[in-house]
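A.B. asks: Before we start, here is the structure in question, set down as structure tokens.
No value in this document is a laboratory result; all are computed from the given coordinates. All values derive from a computational prediction rather than experimental measurement. Positions of Cβ are generated from backbone atoms using ideal geometry, with glycine treated the same way; all protein chains shown enter the neighbour counts.
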Amino acid sequence: MPKRGGKFPIEHGGPLPQRRRPIKYPLEGLEIGQSFLVPAASIEEVRKVRARVANSIQAFEKQTCGQRKFTLQTTSDDVRVWRVA
């Protein structure tokens, strides 16, 4: 009977995968208190933009283990993002 895991040899020094796609929004460069604006063409577009930005922020906060925090404000034609921590 083969040992458990015998089919999969353990390797050392294998290359780590690169990030699949670059971050679209400038989250890495923001200092606390700074913000950026994401424009939208219409009210319907604002909802889509807010969802995309919120998803990007959530993924970025997960990558940084929650050390950086952001908040959003939506108006009728744009979404503004602030770094708060």
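A.B. asks: Using Cβ counts within 10 Å as a stand-in for footprinting exposure, how do Leu27, Leu16 rank, fewest first?
C.D. replies: By the 10 Å Cβ count, ascending, the order reads Leu16, Leu27.
A.B. asks: Please determine, in degrees from 0 to 90 and to the nearest 10, the orientation of helix 43-63 with respect to the longest principal axis defined by the Cα atoms of the chain, where the helix direction is its Cα long axis.
C.D. replies: So the helix axis and the longest Cα principal axis differ by about 40 degrees.
A.B. asks: Find the lysine pairs in the chain meeting two conditions, Cα atoms under 27 Å apart and a separation of 8 or more places or different chains, and report how many there are.
C.D. replies: Close lysine pairs under the 27 Å cut-off: 5.
A.B. asks: Which value at 222 nm does the chain reach when only helices count, each DSSP H run of 4 or more adding -39,500 (n - 2.57), with the total divided by all residues and rounded to the nearest 500 deg cm²/dmol?
C.D. replies: -8500 deg cm²/dmol
A.B. asks: Run the Debye formula on the Cα coordinates of segment 35-83, all scatterers equal and no solvent, and tell me log10 I(q)/I(0) at q = 0.12, 0.14, 0.24 1/Å.
C.D. replies: -0.25, -0.33, -0.81
A.B. asks: In percent, what relative contact order does the chain have, based on Cα pairs under 8 Å that are 6 or more apart in sequence?
C.D. replies: Details: 84 pairs, mean separation 28.3, N = 85.
Value for the chain: 33 percent.
A.B. asks: Next up: Give the order of Arg50, Arg21 when sorted by the count of other beta carbons within 10 angstrom, beginning with the fewest.
C.D. replies: If I rank by nearby Cβ atoms, fewest first, I get Arg21, Arg50.
A.B. asks: Using Cβ contacts closer than 10 Å as the measure, can you line up Glu61, Glu44 from fewest to most?
C.D. replies: Glu44, Glu61
A.B. asks: Under 4 °C and 1.567 mPa s, how fast does the chain diffuse according to Stokes-Einstein, given a Kirkwood radius computed over C-alpha pairs? Answer in µm²/s, whole number.
C.D. replies: On the way: Rh = 15.5 Å.
My calculation gives 83 µm²/s for D.
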